[in-house]
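Read through the structure below, which is laid out as structure tokens, and then see the notes.
Read the figures in this text as sums done on the coordinates, not as results from a lab. This is a predicted model, so every value here is computed, not measured. Counting neighbours? That spans all protein chains shown, and the Cβs are built from the backbone with ideal geometry, glycine included.
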């Protein structure tokens, strides 16, 4: 299996000013063609450090991906370091990249400067892959097995701007495949919700222990989307391995049942719309509304984060004050007096109330204590009641389900995230008719 | 100046499933106590790699910060590697961490398993700094100058969960200062909103060029809180330097005026409540409400993210569907027909409507196109109208201000963040009577 390391160059990463997201995109692209990433690193804009670090990476990896350090300003010295490292005798101008630079500058109404022109100049040891969205070309350096590293090595220098890198990755992956024969690697991710990481691990312990050595499992927990289980298959080309992976995943579905809500990049908010009745299968598009107290708009924000959500999402009421719960959501004053705002009764009344107010088929509600202040012995910080409601289209009656959620985080933000994701999960389970 | 390297451990980072944001928080914390970060790296959950890599980092840095690789599941082998690396002879149980584990599990209603208990066990070479928000303790390993590295070395192993790491960083920085003498360094951060980074840089170019060499400026841009300017003073003990820093900041206030909304960790949503009339200075507590369309709950979520916001925040309406704008927020149908939902008129009507509906003194509204789909030539993706309203307590009349916001991101999330922060900024400026 070919190995790679990724290196992001820039002082702004080291001082914590920006987060390196490029490496993550590059990793996924490499994984998809069967290259194993051994290391990701970030170093500063220092010539000696760049030289030493890249030289070291080339000794230990088949492929080195460099990102950043290529802008028009003077702190960008990567290109010069790469020229030295690859033994270049001079530079040549990439006419193809020059055309892109001219077109970008003219569209922005900026006059061409020497620093702009210089961006199209590359060491004579480099092959250019045109950066169609930016001014800095992608450079490929190939060291053959007769060269200084004794084995074939590939180095790609990519721009620091994320969308330029994302756009160029397919071309770069094709280039890698033209140099190296690839082994197969496959990943599948199963999205679960409702079991804490440790409980989940216990539940699937025997299954995990029985996995063959070429199948590797990783737990990826998150307050917003639960625990994702990622199964990686190495040597996917070997006979029987893909089938073994499929079998392992079938067993996982049997073991975990309704705790599984999706695969891959699924989230509760992307899965829910697929469960709604909608044309052409159904006569009309079902709709959703939200009533929030302690989550303060987060449930609504998660739902509307999905492009196209305006098709099925009508809106929400954040009823932070009790008077809003009563006046807008029609929560009876007696409920607030007898049970309090953080109660099963209030959550259910809120879910019914918002569905009526916004005239939707489904609704979900939250009412709890996110902390750090507030709470009582009976209802400590981290307690939340959630409810989901469904209007039966045939009988016209509304069914409501509710649950108590306990979150133990000292972080207000994390508590809000747990309450919100649990509310969405309750709605998901109700839609799958797993609760009624 | 002491140097550090940060190492994030986890296969999930290497395959690009999650982005390492912890290192960025750790970098900033180290910078704040005067430690220079030389390298950030991510490696996989592989025992041999962890050993070799950390050993190498300890040879070349005063301080090594490790994050991740400490969860309760068996893919986490960092602790064992650290035990070997530090020459531990056995493990001991941290009772203080055990108490936190018990309390977290009992609050979540989860039974204690052996894997949970094992998290409190640490190598006998480690000192524990309690992780108050999670189950994995922070471990400190100190190698004295008589030890294997020939110089004093510090290694901290921190959790992979970002909020646990963020919460523990102040304790860890104190621990570092107890081992190493630090050069004097002082930071002050000025929070600005309303000028793009490049425009801001141009505006303060002469001021920045005139800064003495011991004052260093960094730009920290963010779609949610604008651009923070961090001024770092090196050699803070030298005579006259603190005064020079104060003078430089006074000049910055003169240059930037109302573009400055706060200092340090201030955000628009933490500044706004301080601008409200409230007891004991005023006779009553002013209140806020929110009406959102394209931001889908984000403005409300930002406001309620502030602990204690229930004192002044009544709630919000997310009117994703036009019928909700009309029925609940009282936006006249003629406005939607004549100007469309994304218009000055609609934003102003929404701000008025929600203030009336929820009976609040102040309100803010958003209506726009977050993309990636939708939009037209006249109103492309990234266009948003925002409005803020204030009910004059003496005359009873409501004043409304509005602005158009343009965001050019291809990311729906970033566009929503820019719209939301601009709306909060408009409310802030109106409260400061800088707009009327």
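Can you tell me the FRET efficiency between residue B:203 and residue A:203 if r is taken as the Cβ-Cβ distance and R0 is 41 Å, rounded to the nearest 0.05?
So the FRET efficiency works out to roughly 0.10.
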* So what's the Cα pair-distance distribution over region A:3-179, bin width 10 Å, in %? -> 10, 40, 38, 11, 1
* Taking the simple approach of a point 7 Å from Cα along Cα-to-Cβ for both residue A:247 and residue B:124, what is their distance in nm? -> 4.6 nm
* Between region A:246-308 and region B:60-121, how many Å separate their Cα centres? -> 34 Å
* Structure fact -> Dividing the surface of the Cα convex hull of region B:185-263 by four yields a projected area in nm² of 4.8 nm²
* Asked: How long is chain A along each principal axis, judged by its Cα atoms, biggest number first, in Å?
  -> 85, 58, 49
* **Most mobile listed residue (B:297, B:305, B:262) in chain B, GNM with C-alpha springs under 10 Å** => B:305
* Run the quick spin-label model on residue A:274 and residue B:132: label points 7 Å from Cα toward the beta carbon, then report their separation in nm to one decimal. => 4.2 nm
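Rounded to the nearest 0.05, what FRET efficiency do residue B:144 and residue B:330 have when you use their Cβ-Cβ distance and R0 = 51 Å?
The pair residue B:144/residue B:330 has a calculated efficiency of 0.10.
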* Which of A:326, A:431, B:182 has the fewest Cβ neighbours within 10 Å, and the rest in rising order -> B:182, A:326, A:431
* Asked: What percent antiparallel are the DSSP beta bridges of the protein assembly as shown, to the nearest 5?
  -> 65 percent
* To do: Would you calculate, for chain A, the mean residue ellipticity at 222 nm contributed by helices, counting each DSSP H stretch of 4 or more residues as -39,500 (n - 2.57) and dividing by all residues, to the nearest 500?
  => -11000 deg cm²/dmol
* Asked: Shielding of A:411-420 by partners, i.e. mean partner chain Cβ atoms within 10 Å per residue?
  -> 3
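Using the C-alpha gyration tensor of the protein assembly as shown, what are the square roots of 5 times its eigenvalues, in whole angstrom, with the largest one first?
44, 34, 30
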* Structure fact -> So the FRET efficiency between residue B:48 and residue B:408, C-beta based with R0 = 45 Å and rounded to 0.05, is 0.45
* **Neighbouring partner chain Cβ atoms per residue of B:104-111, average, 10 Å criterion** => 5
* Would you mind checking the tilt of helix A:162-179 against the longest principal axis of the Cα atoms of chain A, expressed as 0 to 90 degrees and rounded to 10? => 60 degrees
* Asked: By its C-alpha gyration tensor, with a ≥ b ≥ c as the square roots of the eigenvalues, how is region A:79-234 shaped: rounded for a/c under 1.5, else prolate for a/b larger than b/c, else oblate?
  -> oblate
* Rank by packing, highest mean first: peptides A:136-144, A:272-280, with packing defined as the count of other Cβ atoms within 10 Å averaged across residues. => A:136-144, A:272-280
* Could you give the radius of gyration (one decimal) and Dmax (whole number) of the Cα atoms in region B:268-431, in Å? -> 15.1, 51
* Asked: Points 7 angstrom from Cα along the Cβ direction at residue A:117 and residue B:107: gap in nanometres?
  -> 6.5 nm
* **For residues of A:35-41, the mean tally of beta carbons on other chains within 10 Å** => 6
* To do: Using only Cα atoms, tell me the angle between helix B:95-108 and the longest principal axis of chain B; keep it within 0 to 90° and round to the nearest 10.
  => 40 degrees
* **C-alpha long axis of helix A:344-358 to longest principal axis of chain A, angle in °** => 80 degrees
